[in-house]
1. Starting from residues that are hydroxyl-bearing (Ser, Thr, Tyr) and farther than 18 Å from Val89 by Cα, keep the ones in the stretch 132-165 and report whichever is surrounded by the fewest Cβ atoms within 10 Å (Cβ to Cβ).
2. In this structure, is Val215 touching a residue at least 40 places away in the same chain (Cβ under 8 Å), buried (at least 17 other Cβ atoms within 10 Å of the Cβ), within 16 Å of Leu88 (Cβ to Cβ) and touching a strand residue (DSSP E or B) at 6+ places or on another chain (Cβ under 9 Å)?
3. Might you check whether a residue that is in contact with a helix residue (DSSP H, G or I) (Cβ under 9 Å, 6 or more places away or on another chain), closer than 23 Å to Met91 by Cα and not in a helix (DSSP H, G or I) occurs anywhere in the stretch 122-131?
4. Please determine, by comparing only the residues of the stretch 180-224 that are among the basic types (Lys, Arg) and not in a loop (DSSP other than H, G, I, E, B), which one is farthest from Arg152 (Cα to Cα).
5. Got a number for residues in the stretch 96-112 being among the small types (Gly, Ala, Ser), surrounded by 12 or more Cβ atoms within 10 Å (Cβ to Cβ) and in contact (Cβ under 8 Å) with a residue 40 or more places away in the chain?
6. Mind listing whichever residues of the stretch 164-179 are touching a helix residue (DSSP H, G or I) at 6+ places or on another chain (Cβ under 7 Å), among the hydrophobic types (A, V, I, L, M, F, W, C) and assigned to a loop (DSSP other than H, G, I, E, B)?
7. Considering only the stretch 132-152, state which residues are within 14 Å of the chain's Cα centre (by Cα) and assigned to a loop (DSSP other than H, G, I, E, B).
Amino acid sequence: MAETRREMSRELSKSRPNLYHRLRGSLSKGLVGARVGRLEALQEATLDLLAQALEARDQLIASHSARVAELAARLAQQVDPGLRNVELVRMAGMLHDLGVIGVRDDILNKPGPLREDEWKLMRRHPDIGADLIRWHPALAAATPLVRHHHERWDGSGYPAGLRGDVIPMGARIVAAAESFDFITHDWPYRANPLAPLDAIRDITEHSGSWYDPTVVDALRALYR
C-alpha cells in the first residue's frame with residue numbers, strides 16, 4: 001500500500017505544472033465577466049489561495065478537486081443550460097475539499113475504516129473550508145456550496161443535516177460530481193475503482209436518498 005501511494009504521488013508530481021495551469025485556466029473562465037480593473041486583483045487573490053491549498057495538501061486531493069470542478073460545471077450546464085452560476089459551481093468544485101488542510105494526515109490517509117472520533121474530525125472539513133473562504137473577495141459566493149457539499153437529499157448528511165431543496169443547488173451538483181470522481185479513481189485507502197457506467201449505477205441507487213434526482217438524471221445524461 002505504501003509503495004502504491006509513493007508511485008501515485010510520483011506520477012502526480014510530474015503533472016503538477018499542468019494541474020496548476022488547468023486550475024488557473026478554469027478560474028480565468030469564471031472571471032471573464034468581471035470589470036477589468038477588479039479582475040486582476042480578484043484573480044491574483046484567488047490564485048494565491050489555491051496555490052497555498054495545493055502546497056498544503058498532496059496532489060491526490062488537488063487532482064481530485066480539478067476533476068470535480070470540471071464535472072460539476074458540466075453537470076450545472078446539463079441541469080440548467082441557462083444557469084448563470086456555472087462558473088461559481090466550477091469554483092466550488094475546485095475548493096470543496098479545501099478544508100482537509102485542517103484534518104490530520106493520519107486520519108486523511110488511514111488505510112482502514114475510521115473510528116467514530118476520527119469521523120467526527122473528518123466531518124469538520126466542509127465547515128473549515130467554508131470558513132476559510134467566507135471573507136475572501138473572489139471566493140465568498142462559493143461559501144454555501146463548499147459548506148454543504150456533503151449534505152444528502154434525505155437530510156442524513158452533514159454538517160447541518162439539510163434536506164431537499166434547502167440544500168443549495170450548486171452543493172447538490174458538487175456532491176454528485178465528487179462521489180462520481182471518488183469511486184472512479186484510485187485512492188491509498190480505497191482500491192478497485194469503478195468503471196464510469198458502474199459508478200453511474202451506484203449513484204443512481206441512491207437517487208432520492210443521498211442525491212437530488214434531477215442531478216442524478218443530469219449525470220446519467222452525460223454518460224449515455
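Just so you know, all these numbers are worked out from the coordinates, no wet-lab data involved. Just so it is clear, the model here is predicted, and its values are computed rather than measured. Cβ atoms come from the backbone with ideal geometry, glycine included; neighbour counts cover every protein chain shown.
1. Pass one, the stretch 132-165, residues hydroxyl-bearing (Ser, Thr, Tyr): 143, 156, 158.
Keeping just the survivors that are farther than 18 Å from Val89 by Cα gives 156, 158.
Values: Ser156: 11, Tyr158: 18.
Top of the filtered list is Ser156.
2. Details: touching a residue at least 40 places away in the same chain (Cβ under 8 Å): yes; buried (at least 17 other Cβ atoms within 10 Å of the Cβ): yes; within 16 Å of Leu88 (Cβ to Cβ): yes; touching a strand residue (DSSP E or B) at 6+ places or on another chain (Cβ under 9 Å): yes.
Judged against the criteria, Val215 is a match.
3. yes
4. Applying the first criterion (among the basic types (Lys, Arg)) to the stretch 180-224 yields 190, 201, 220, 224.
When the remaining residues are screened for being not in a loop (DSSP other than H, G, I, E, B), the result is 190, 201, 220.
Numbers: Arg190: 22, Arg201: 18, Arg220: 19 Å.
Out of the qualifying residues, it is Arg190.
5. To start, the set of residues in the stretch 96-112 that are among the small types (Gly, Ala, Ser) comprises 99, 102, 112.
Now narrow it down to the ones that are surrounded by 12 or more Cβ atoms within 10 Å (Cβ to Cβ): 99, 102.
After this cut, where a residue has to be in contact (Cβ under 8 Å) with a residue 40 or more places away in the chain as well, the list is 99.
Going through the stretch 96-112 one residue at a time, the tally reaches 1.
6. Let us first name the residues in the stretch 164-179 that are touching a helix residue (DSSP H, G or I) at 6+ places or on another chain (Cβ under 7 Å), namely 168, 170-174, 176-179.
Those left that are additionally among the hydrophobic types (A, V, I, L, M, F, W, C): 171, 173-174, 176-177.
Listed by number, the list is empty, since nothing qualifies.
7. Taking the stretch 132-152 and keeping what is within 14 Å of the chain's Cα centre (by Cα), we get 142-151.
Passing the criteria: His148, His149, His150, Glu151.
Per-residue answers, yes or no, for (1) on the phi > 0 side of the Ramachandran plot; (2) free of Cβ contacts under 8 Å to residues at least 60 places away in the same chain:
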| position | (1), (2) |
| --- | --- |
| Pro144 | no, yes |
| Glu151 | no, yes |
| Gly155 | yes, yes |
| Ala176 | no, no |
| Tyr211 | no, yes |
| Tyr223 | no, yes |
